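Accompanying notes for the structure given below.
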Amino acid sequence: MKDNLLEIVTREELAKPAEFLSAIDGMDEVDIADVFENLDTTRAVRFFRLLPKSIAGEVFAYIVKEKKQEIIQTISDAEQAALINDLFADDAADLIEEMPANVVTKLLKNANAETRQNINSLLKYPEDSAGSIMTMEYVRLKEDQQVSDVFDIIREHGVDKETIYTCYVVDNKKTLIGVVSVKDLLLASPKAKIKDIMTENPHRAHTIDPQGEVAEMFRKYGYLSLPVTDSEEKLIGIVTVDDVLQVIEEEHTEDISKMAAVKPSDAPYMKTSVIRHSRNRIVWLFFLMVSAMLTGGGLSIFEDRLLAIPILIAFIPLLMDTAGNAGAQTSALVIRGMALGEIKNRDLFKVWWKEIRVASICGILLGAVNLARILLFDGLIIKGNVSGQLALVSLVVTMTLCCTVIIAKSVGCLLPVFAKKCKMDPAVMSAPLITTIADVLALLVYFGFAAIFLQQWL
């Protein structure tokens with residue numbers, strides 16, 4: 001259906017309205033919005049003007065930002081007014097934040113008083129807070145209303161609400177006192193009072209709560225919507241699951257970027273310029289390059305020992321790679337656990353002790369395999385015998401490998417927890433940073449053991 005619609009709106013001769021309306025009949029608004037990405041401004045505007053008014057606002061909410069801006073700047077003032085007044089409050093606020101200043105002024109001028117008030121109310125809340133993603137279109141009830149009356153209210157006003165599956169009960173001061181689902185209403189007697197079937201003291205978010213905490217409540221309790229109250233517990237709006245899914249996507253994208261040592265970006269990869277990509281990456285690359293100088297400095301300090309026993313050089317990549325991989329493994333698991341609320345600040349010692357035991361098992365197994373490889377392959381197969389020096393070198397490498405895995409996993413679990421204690425994003429302690437630290441520590445341990453066991457050759 002999407003391909004058929006795209007063919008109709010992109011061919012040279014203009015499609016007739018009847019053909020166009022037949023093509024979109026039964027299509028989801030999201031799929032219709034996807035077609036706009038492949039249209040030039042002229043066809044996008046004509047396409048948008050042909051949309052039925054009943055779905056135009058919802059389709060517009062899903063169109064990519066660049067096309068939204070092109071459409072808004074091309075359509076008339078009357079069309080702008082009809083569009084922004086038809087959008088849900090949270091979508092209208094998002095539109096205002098995305099548009100240039102001159103377009104914002106024009107949009108607000110064309111919006112009606114109620115829409116302007118709703119937009120201004122949402123924009124006053126801190127970015128990334130529950131208040132910034134909530135909407136004000138919800139069904140509000142009183143506790144003394146009958147079920148039969150509530151269905152009349154939903155029929156009359158439900159079309160303008162973002163969701164009708166959950167209704168919210170308030171008192172005369174607009175204080176939230178309960179919630180009632182449509183399922184509860186359908187199963188109740190038509191003469192039953194709302195106060196008899198509602199769930200009292202429901203879970204709620206406050207306007208200044210972080211978006212991440214709101215998303216966690218949706219994940220934990222499986223909500224479709226969640227009420228948002230102010231400091232006096234007055235119902236201000238609701239957050240719906242579609243907005244939370246967007247928050248989760250944005251937070252995961254940001255965490256992945258930070259863990260890969262890339263500055264997070266709001267724009268899609270293909271929409272981001274080469275200069276912007278470079279700017280997002282160069283700072284971390286520069287920092288990691290400077291950090292890697294510590295590794296080079298460590299090697300230069302032990303240069304004489306490397307010249308005395310050249311075989312030590314051959315095992316440096318193995319030790320550094322193992323250290324980095326061990327630290328990256330642990331940091332990824334710990335950061336994920338913290339993001340899901342499985343690991344708390346108070347769990348620092350428990351997490352560290354568990355990783356010590358895991359690292360001990362991994363280190364011993366890796367060390368045993370490496371010891372056998374050196375003695376059998378480097379000694380017996382290549383050289384035909386195992387010299388005293390090679391035996392001690394294999395012991396140094398094996399001991400270093402065991403200690404390195406323990407140290408790297410300790411660093412990988414402690415740094416993210418420490419970052420959270422310092423009110424920082426744990427994802428800042430990215431795998432590249434932990435790898436650099438683990439590399440330096442691995443070299444220090446390696447040459448420390450070498451100085452102890454290979455002293456007669458140094």
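The values are calculated or read from the model by the stated rules, or taken from the named source; none is laboratory data. Remember, it's a predicted structure, so these values are computed and weren't measured experimentally. Glycine also receives a Cβ, built like all others from the backbone with ideal geometry; neighbour counts cover every protein chain displayed.
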For this session: Could you list all residues from region 218-244 that are free of Cβ contacts under 8 Å to residues at least 40 places away in the same chain and touching an Asp or Glu at 6+ places or on another chain (Cβ under 9 Å)?
Result: Asp242
Seminar exercise, completed: Of Ala44, Ala18, Ala23, the only residue that is surrounded by fewer than 17 Cβ atoms within 10 Å (Cβ to Cβ), in a helix (DSSP H, G or I) and more than 29 Å from the chain's Cα centre (by Cα) is Ala18
For this session: From Ala92, Ala82, Ala78, grab the single residue that is at pLDDT 85 or above, over 16 Å from Leu235 (Cβ atoms), assigned to a helix (DSSP H, G or I) and under 29 Å from the mean Cα position of the chain (by Cα).
Result: Ala92
Problem set entry | Residue that is farthest from Ala215 (Cα to Cα), among those in region 117-166 that are in a strand (DSSP E or B) and within 29 Å of the chain's Cα centre (by Cα) | Thr166
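For residues that are surrounded by fewer than 18 Cβ atoms within 10 Å (Cβ to Cβ) and either in contact with a helix residue (DSSP H, G or I) (Cβ under 6 Å, 6 or more places away or on another chain) or of a type in the set (S, T, N, Q) (or both), tally how many sit in region 109-122.
Within region 109-122, the first condition is being surrounded by fewer than 18 Cβ atoms within 10 Å (Cβ to Cβ), and the residues that meet it are 109, 112-114, 117, 120-121.
This time we only want the ones that are either in contact with a helix residue (DSSP H, G or I) (Cβ under 6 Å, 6 or more places away or on another chain) or of a type in the set (S, T, N, Q) (or both), so: 112, 117, 120-121.
Of the residues in region 109-122, 4 are surrounded by fewer than 18 Cβ atoms within 10 Å (Cβ to Cβ) and either in contact with a helix residue (DSSP H, G or I) (Cβ under 6 Å, 6 or more places away or on another chain) or of a type in the set (S, T, N, Q) (or both).
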Problem set entry | Search result, residues across region 213-223 that are surrounded by 14 or more Cβ atoms within 10 Å (Cβ to Cβ) and outside any helix (DSSP H, G or I) | Tyr223
Exercise. Does at least one position in region 330-339 carry a residue that is over 23 Å from Leu443 (Cβ atoms) and exposed (fewer than 13 other Cβ atoms within 10 Å of the Cβ)?
Worked result: no
Exercise. In the list Val440, Val386, Val405, Val396, which residue meets the criterion of being modelled with pLDDT under 80 and either in the same structural domain as Ala328 (by TED's automatic domain parsing) or more than 29 Å from Val351 (Cβ to Cβ) (or both)?
Worked result: Val386
Seminar exercise, completed: Val159 fails exactly one of (1) more than 26 Å from Ala93 (Cα to Cα); (2) exposed (fewer than 14 other Cβ atoms within 10 Å of the Cβ); (3) of a type in the set (Val, Ile, Thr), namely (1)
